[in-house]
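Asks: Take this structure first; my questions come after.
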Amino acid sequence: MMVRLASALLLVLLLAGWEVYCRVAGVSALVVPLPSAVLRTLWDGLAGGYLLPHLWVTTAEMAMGLAAGCTIGFLAGVLLAEVPVLRRLFYPYILASQVVPKLALGPLFIVWFGFGMTSTVVITALICFFPLLENTMTGLQQVDPNKRELFRMLRATRLQTLLRLKIPSGLPVILAGLRVAVVLALVGAVVGEFIGGRQGLGASIIAAQGMMDSTMMFALFIVITVLGMIVYQAAAGLERWLLRRPWKG
């Protein structure tokens, strides 16, 4: 509790220092707006209903992209971990696909999927895919050899070994990949809206930039930050709940 109070006090001091410096130094609101003006704009945007539709669009894109990317990444990670031949065959190509920046692929996705939500969801899914793939492969390969030998002696099938030993043992590593993917999902959604979004928080930032409205841009940054923290804490809570469960065969 003391650490949390100290962290909150630090935030208050930073905002107060920011406010005082901008007023004393006469910094233009176009360059760095006052925190009080940002909070007022944020309140007006939320109370007036301007930000809520954009918040909903970004949240929906993030959720769909996260679900698709994590599901495909987990299943692909299980497949590549269980079939070494497929891992040696496909993993170099998967790695090569991740080296290419998704921002550079954005115009191509717009050609394929058009403007709007679909392109953003695809970009988000691609960004979330690799952390789950890599962590699933790593988690399934870090099984205690003694436990694996015990399952072999008990004549457990390959599927039984996977479901009752490998996945429960590798769950902490897999869930760590999920936490990383959650953060990247929000980044992917916002970046996708930068490129081809017509609605959403990222598209709103581009619109505010076009109007040179720095105050609105900072207000949108706050909304994105709060949304990311909420989703991350939800993923961390899910991780704690799953790891407390007695995963028994």
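Asks: For Leu243 and Val12, calculate 0.36 nm times their separation in residues minus their Cα-Cα distance, and state this gained length in nm to one decimal. Could you put the intermediate results ahead of the total?
Replies: On the way: separation 231, 0.36 × 231 = 83.16 nm, distance 3.53 nm.
That pair, Leu243 and Val12, stretches by 79.6 nm at full extension.
Asks: Let me know the charge dipole size of region 1-123 about its Cα centre in debye, to the nearest 20, where only the beta-carbon of Lys, Arg (+1) and Asp, Glu (-1) is charged.
Replies: The calculation lands at about 220 debye.
Asks: Now a separate question. Over the chain, what is the relative contact order in percent, taking alpha-carbon pairs closer than 8 angstrom and at least six residues apart? Display every interim value, and only then the final one.
Replies: Working: 283 pairs, mean separation 66.8, N = 249.
Relative contact order, the chain: 27 percent.
Asks: Enter the accessible area per residue of the chain (Å², integer; probe 1.4 Å; all protein chains in place).
Replies: Details: 14550 Å² over 249 residues.
It amounts to 58 Å² per residue over the chain.
Asks: Determine the principal axes of the Cα atoms in the chain, then give the extent along each, sorted from largest to smallest and rounded to whole angstroms.
Replies: Principal extents (largest minus smallest coordinate, Cα): 75, 52, 29 Å.
Asks: With each label point set 7 Å from Cα along the Cα-Cβ vector, what nm distance links Leu86 and Leu39?
Replies: In this crude label model, Leu86 to Leu39 measures out at 5.4 nm.
Asks: Show that you can apply the helix-only estimate: for the chain, add -39,500 (n - 2.57) for every DSSP H stretch of four or more residues, divide by all residues, and state [θ] at 222 nm to the nearest 500. Intermediate values should be presented prior to the final figure.
Replies: Values: 11 runs with 206 residues, N = 249.
About -28000 deg cm²/dmol.
Asks: So how do 214-220, 229-235, 129-135 stack up, highest first, on mean other-Cβ count within 10 Å?
Replies: Working: 214-220: 21.6, 229-235: 14.0, 129-135: 24.0.
With the highest mean Cβ count within 10 Å placed first, the list reads 129-135, 214-220, 229-235.
Asks: Show me 56-69, 156-169 ranked by packing, highest mean number of other Cβ atoms within 10 Å first.
Replies: By packing density, highest mean first, the sequence is 56-69, 156-169.
Asks: Please give the contour-minus-distance gain from Tyr232 to Ile206: 0.36 nm per residue of separation, less the Cα-Cα distance, rounded to one decimal in nm. List each step's numbers first, then the result.
Replies: Details: separation 26, 0.36 × 26 = 9.36 nm, distance 2.50 nm.
Computed gain between Tyr232 and Ile206 is 6.9 nm.
Asks: What list of ³J(HN,Hα) values in whole Hz, one per residue of region 200-213 in order, does the Karplus curve 6.51 cos²θ - 1.76 cosθ + 1.60 (θ = phi - 60°) give from phi, with Gly and Pro shown as x?
Replies: x, 5, x, 5, 5, 5, 5, 5, 5, 5, x, 8, 6, 9
Asks: Please give the FRET efficiency for Arg4 paired with Ala67, using the beta carbon to beta carbon distance and R0 = 41 Å, rounded to the nearest 0.05.
Replies: Numbers: r = 31 Å, r/R0 = 0.76.
The pair Arg4/Ala67 has a calculated efficiency of 0.85.
Asks: Most fluctuating residue of Val190, Val32, Val180 in a GNM of the chain with Cα springs under 10 Å: which is it?
Replies: Val32
Asks: Could you compute the FRET efficiency for Thr138 and Thr225, with r as their C-beta to C-beta distance and R0 at 30 Å, rounded to 0.05? List each step's numbers first, then the result.
Replies: Numbers: r = 30 Å, r/R0 = 0.99.
E(calc), rounded to 0.05, equals 0.50.
Asks: While we're on this one: Return the single residue from Val24, Val38, Val83 with maximal mean-square fluctuation; model: Gaussian network over the chain, springs between Cα atoms under 10 Å.
Replies: Val24
Asks: Could you work out how far helix 117-141 tilts from the main Cα principal axis of the chain, as a 0 to 90 degree angle to the nearest 10?
Replies: 40 degrees
Asks: Please report how far the C-alpha centroid of region 140-216 lies from that of region 12-55, rounded to the nearest whole angstrom.
Replies: Cα centroid of region 140-216 versus Cα centroid of region 12-55: 33 Å apart.
Asks: Let me ask something else. Give me the dipole magnitude in Debye, nearest 20, for the chain about the Cα centre, with unit charges on the beta carbon: positive for Lys and Arg, negative for Asp and Glu. It would help to have the intermediate numbers written out before the result.
Replies: Details: 19 positive and 10 negative charges, 257 e Å.
Rounded to the nearest 20 debye, it is 1240 debye.
Asks: Could you calculate the contour length gain from Ala47 to Val20, that is, 0.36 nm times the residue separation minus the distance between their Cα atoms, to one decimal place in nm? Kindly include the intermediate steps, with their values, before the conclusion.
Replies: On the way: separation 27, 0.36 × 27 = 9.72 nm, distance 2.69 nm.
Here the answer is 7.0 nm.
Asks: Given springs between every Cα pair under 10 Å in a Gaussian network model of the chain, which of Gly48, Gly192, Gly106 has the largest fluctuation?
Replies: Of Gly48, Gly192, Gly106, the most mobile in the Gaussian network model is Gly48.
The values are calculated or read from the model by the stated rules, or taken from the named source; none is laboratory data. Keep in mind the model is a prediction, meaning the values are calculated, not measured. All Cβ positions, glycine included, derive from the backbone under ideal geometry; neighbour counts span all protein chains shown. Please note that ligands, DNA and RNA were not included when accessible areas were found on the heavy atoms of the full protein model with its side chains. Shrake-Rupley method; radii C 1.70, N 1.55, O 1.52, S 1.80 Å.
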